[in-house]
Amino acid sequence: MKHLLSMLSLSTEEITDILNLADQLKYENKHGIKHHRLEGQTLGMIFQKSSTRTRVSFETGMYQLGGQALFLSNRDLQIGRGEPVQDTARVLSRYLDGIMIRTFEQSEVENLAKYGSVPIINGLTDFCHPCQVLADLMTVREHKGHLDGLKMCYIGDGNNMANSLIVGGLKMGMTVSVACPENYDPDKKVLDFAENNGSFSLVRNPLEAARGADVIFTDVWASMGQEDEAAERRRVFEGVYQVNRKLLDAANSGCMVQHCLPAHRGEEITEEVFESHAGEIFDEAENRLHAQKAVMVTLMERK
């Protein structure tokens, strides 16, 4: 494993190793055991999309691992003024030990990996969100004790979260059921993968998708960069594609609820459901820190 570009690029064994290491690092962190496994190393963090959780968790994670993180926005880099990503990759590789990028196009992440000579971590693209889904899988495994054989349900837009959850869930032996409106399906590349890799269904009816679920995921109806579509998306999703009490009644007893945040309460999830599952949701948010530390150690630790 040289980079983290997408869930598609990870094997089941690599995902399991990352989750096991994340559990270990979380235990050490909770018990005050220092783990400066990246001492003296520097992670560059390129942000073309703003973030709360991604920036704070990566920056804190590098500090806890004994290294440092540099926040690099479009305003700080020539890439924001048209420098080709391949040139940025080759320059930053001379200064840094790893690069995390949060951007729009998946091709930018792929090109950083192609032309750079240090590990590249995908902090989010419009195609996928692997760091979040590693934290999600970690959280479900924490609460349920295992992943294999569980049913995962996703309700909402077939966006980067849906893409990564489908792949991650199936690779870990979960049954995956997704409910999206017509014309808002997950990426074709992901659907092609799902067709030949486990138990997967894509339906239009959220109640059908949620039947027998052990964990239900959702996300906002309009992601960052889709603000001009928000009104139309609300018209399409409203009243149907929402995680509410009726939906949970169709799921298994003890069904978890997960949301990558930020949440629009009253839209994709009701206030009542969010608050009744807040412990699980904020465990999920915390686990971004531990899962990403595991990714950084896996990719950047000097053997």
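The values are calculated or read from the model by the stated rules, or taken from the named source; none is laboratory data. If you're wondering where the values come from, they're calculated on a predicted model, not measured in any experiment. We place every Cβ from the backbone using ideal geometry, glycine too, and count neighbours over all the protein chains shown.
On the given criteria, is A179 more than 20 Å from K144 (Cα to Cα) and touching a residue at least 12 places away in the same chain (Cβ under 8 Å)?
Numbers: more than 20 Å from K144 (Cα to Cα): yes; touching a residue at least 12 places away in the same chain (Cβ under 8 Å): yes.
Judged against the criteria, A179 is a match.
Against the definition (in the same structural domain as A210 (by TED's automatic domain parsing) and either charged (D, E, K, R) or in contact (Cβ under 8 Å) with a residue 40 or more places away in the chain (or both)), how does M138 come out, yes or no?
Numbers: in the same structural domain as A210 (by TED's automatic domain parsing): yes; either charged (D, E, K, R) or in contact (Cβ under 8 Å) with a residue 40 or more places away in the chain (or both): yes.
When the stated conditions are applied, M138 passes them.
Here is a yes/no grid of residues against (1) within 20 Å of D136 (Cβ to Cβ); (2) in contact with a helix residue (DSSP H, G or I) (Cβ under 8 Å, 6 or more places away or on another chain); (3) surrounded by 13 or more Cβ atoms within 10 Å (Cβ to Cβ):
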site: D214; (1), (2), (3): yes, yes, yes
site: W221; (1), (2), (3): yes, yes, yes
site: R233; (1), (2), (3): no, no, yes
site: H264; (1), (2), (3): yes, no, yes
site: E286; (1), (2), (3): yes, no, yes
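In contact with a Ser or Thr (Cβ under 9 Å, 6 or more places away or on another chain), modelled with pLDDT of 95 or more and surrounded by fewer than 24 Cβ atoms within 10 Å (Cβ to Cβ): which single residue out of G145, G198 fits that description? Break it down into steps so the answer makes sense when it comes.
On the way: G145 fails: in contact with a Ser or Thr (Cβ under 9 Å, 6 or more places away or on another chain).
Every option except G198 fails the conditions.
Restricted to the stretch 188-206, and to residues that are touching a strand residue (DSSP E or B) at 6+ places or on another chain (Cβ under 9 Å) and assigned to a loop (DSSP other than H, G, I, E, B), which residue is farthest from I155 (Cα to Cα)?
Checking each candidate, the answer is G198.
Cβ-Cβ below 9 Å, separation at least six or inter-chain, first residue in the stretch 63-90 and more than 30 Å from G32 (Cα to Cα) and among the hydrophobic types (A, V, I, L, M, F, W, C), second at pLDDT 95 or above and assigned to a loop (DSSP other than H, G, I, E, B): which pairs?
Matching pairs, first to second residue: A89/G116; A89/S117; A89/V118.
Report yes if N183 is over 26 Å from E275 (Cβ atoms), in a loop (DSSP other than H, G, I, E, B), more than 22 Å from the chain's Cα centre (by Cα) and of a type outside the set (A, V, I, L, M, F, W, C), otherwise no. Reasoning before the result, please.
Values: over 26 Å from E275 (Cβ atoms): yes; in a loop (DSSP other than H, G, I, E, B): yes; more than 22 Å from the chain's Cα centre (by Cα): yes; of a type outside the set (A, V, I, L, M, F, W, C): yes.
Against the criterion (over 26 Å from E275 (Cβ atoms), in a loop (DSSP other than H, G, I, E, B), more than 22 Å from the chain's Cα centre (by Cα) and of a type outside the set (A, V, I, L, M, F, W, C)), N183 qualifies.
Are any residues in the stretch 266-277 closer than 25 Å to T175 by Cα and either part of a helix (DSSP H, G or I) or not assigned by TED's automatic domain parsing to the domain that holds L165 (or both), and if so, which ones?
V273, F274, S276
Name the residue that is surrounded by the fewest Cβ atoms within 10 Å (Cβ to Cβ), counting only residues in the stretch 110-129 that are small (G, A, S) and not in a strand (DSSP E or B).
First, pick out the residues of the stretch 110-129 that are small (G, A, S): 113, 116-117, 123.
Checking which are not in a strand (DSSP E or B) leaves us with 113, 116-117.
On the way: A113: 22, G116: 22, S117: 10.
Result: S117.
In the stretch 59-85, which residues are assigned to a helix (DSSP H, G or I), out of contact with any Ser or Thr (no Cβ under 9 Å at 6 or more places or on another chain) and surrounded by 14 or more Cβ atoms within 10 Å (Cβ to Cβ)? It would help to see each step written out before you state the result.
Quick first cut of the stretch 59-85, residues assigned to a helix (DSSP H, G or I) only: 59-64, 78-81, 85.
This time we only want the ones that are out of contact with any Ser or Thr (no Cβ under 9 Å at 6 or more places or on another chain), so: 59-61, 63-64, 81.
The answer is E59, T60, G61, Q64.
In the stretch 207-265, how many residues are assigned to a strand (DSSP E or B) and among the hydroxyl-bearing types (S, T, Y)? Spell out the reasoning first.
First, the residues of the stretch 207-265 that are assigned to a strand (DSSP E or B): 215-218, 243, 256-259, 265.
Remaining after also requiring among the hydroxyl-bearing types (S, T, Y): 218.
Residues flagged as assigned to a strand (DSSP E or B) and among the hydroxyl-bearing types (S, T, Y) within the stretch 207-265 amount to 1.
If a residue has to be at positive phi, free of Cβ contacts under 8 Å to residues at least 60 places away in the same chain and touching a helix residue (DSSP H, G or I) at 6+ places or on another chain (Cβ under 9 Å) to count, how many in the stretch 141-159 make the cut?
0
For the stretch 91-121, which residues satisfy the criterion of being in contact (Cβ under 8 Å) with a residue 60 or more places away in the chain, touching a Lys or Arg at 6+ places or on another chain (Cβ under 8 Å) and closer than 25 Å to E301 by Cα?
Scanning the stretch 91-121 gives A113, P119.
So the check is Cβ under 9 Å with 6+ separation or different chains; which pairs have a first residue in the stretch 12-35 that's in contact (Cβ under 8 Å) with a residue 12 or more places away in the chain and a second one that's part of a helix (DSSP H, G or I) and hydroxyl-bearing (S, T, Y)?
Cβ pairs passing all conditions: E14/T298; D17/T298; I18/T298; L21/T298.
Which one of G67, G44, G82, G61 is within 29 Å of G225 (Cα to Cα) and in contact with a His (Cβ under 9 Å, 6 or more places away or on another chain)?
Working: G67 fails: within 29 Å of G225 (Cα to Cα); G44 fails: in contact with a His (Cβ under 9 Å, 6 or more places away or on another chain); G82 fails: in contact with a His (Cβ under 9 Å, 6 or more places away or on another chain).
Just a single option satisfies the conditions, and that option is G61.
Only one of H290, H259 is in contact (Cβ under 8 Å) with a residue 60 or more places away in the chain, under 23 Å from N122 (Cβ atoms) and buried (at least 21 other Cβ atoms within 10 Å of the Cβ); which? Reasoning before the result, please.
Values: H259 fails: in contact (Cβ under 8 Å) with a residue 60 or more places away in the chain.
Only one candidate qualifies: H290.
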